[in-house]
Amino acid sequence: MHYARGARFAKWRTALRIDVEKGCPTDYAIDEAAHGLSRYARICQEAGLVPIVEPEILIDGTHDIETTAKVQEKVVSVCYQKLKECGVLLEGTLLKPSMTVAGVDCTDKPTPQDVSKYHSILLILLYIFLNPHIIFVILLFTCRLLA
C-alpha cells in the first residue's frame with residue numbers, strides 16, 4: 001500500500017549493550033550511536049526515503065528493567081536531540097525503539113504488566129519529544145488524576 005503510493009523506507013539499527021559494572025553504555029557510545037543514526041536519517045530524507053531509526057538496547061546481561069528504562073530514556077533523548085541538530089524532519093521519520101525488558105540473565109524477572117508499564121512510559125516520552133506542546137496537556141491531565 002505505501003509502496004504503491006510512493007513511500008520508500010530504509011532502516012538503520014545501532015545496538016547498545018548495558019553492562020552496569022563496566023559503565024556501559026557510556027555517554028560517548030550513546031552520543032556516537034545517536035549521531036550516526038541522525039546522519040543516516042538526514043541522508044535518507046535528502047534521497048527521498050523515510051528513515052526508520054532503530055536505537056536498539058540489547059537484552060544481553062543481568063540488568064533489571066529499571067536500568068533498561070533509564071538507558072532507553074537517555075538514548076531516545078539524545079537521538080531526538082541529534083536528529084534535530086542534523087536538521088531531520090522528525091515527522092518524516094519512524095523511530096523503532098526496542099522493548100523495555102530486563103536483561104536475559106536478570107534474576108528479578110519483570111511481569112508482563114511491568115514490561116507493559118515501562119514500555120508505555122517510553123512511548124509517552126516519544127510522543128512528547130515529537131509534540132512538545134502536548135506536555136502541558138499531559139501535566140494538566142496528571143494533576144487532575146492526582147487531585
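Couple of notes before you dig in:
- Among residues that are surrounded by fewer than 21 Cβ atoms within 10 Å (Cβ to Cβ), touching an Asp or Glu at 6+ places or on another chain (Cβ under 7 Å) and either of a type in the set (Asp, Glu) or in a strand (DSSP E or B) (or both), Ala10 is not included.
- Complete set of residues in the stretch 39-75 that are in a helix (DSSP H, G or I) and either touching a Ser or Thr at 6+ places or on another chain (Cβ under 9 Å) or among the aromatic types (Phe, Trp, Tyr) (or both): Tyr40, Ala41, Cys44, Gln45, Ile65, Thr68, Ala69, Gln72
- Qualifying residue in the stretch 84-97 (condition: of a type in the set (Gly, Ala, Ser), loosely packed, with under 15 Cβ neighbours inside 10 Å and either out of contact with any strand residue (DSSP E or B) (no Cβ under 6 Å at 6 or more places or on another chain) or more than 16 Å from Gly36 (Cβ to Cβ) (or both)): yes
- Residue, surrounded by the fewest Cβ atoms within 10 Å (Cβ to Cβ), within the stretch 14-38, restricted to residues that are free of Cβ contacts under 8 Å to residues at least 40 places away in the same chain and not in a helix (DSSP H, G or I): Gly23
- The residue pairs whose first member lies in the stretch 106-119 and is touching a residue at least 24 places away in the same chain (Cβ under 8 Å) and closer than 24 Å to Glu21 by Cα, whose second member is of a type outside the set (Val, Ile, Thr) and surrounded by 10 or more Cβ atoms within 10 Å (Cβ to Cβ), and whose beta carbons are closer than 6 Å, counting only pairs six or more residues apart or on different chains, are Cys106/Asp64; Asp108/Asp64; Pro110/Ala102; Tyr118/Ala69.
Values quoted throughout were computed directly from the atomic coordinates according to the rules given, and no laboratory measurement underlies them. All figures in this text were calculated on a predicted structure; none of them were measured in a lab. Every residue, glycine among them, receives a Cβ derived from its backbone with ideal geometry; neighbour counts consider all protein chains shown.
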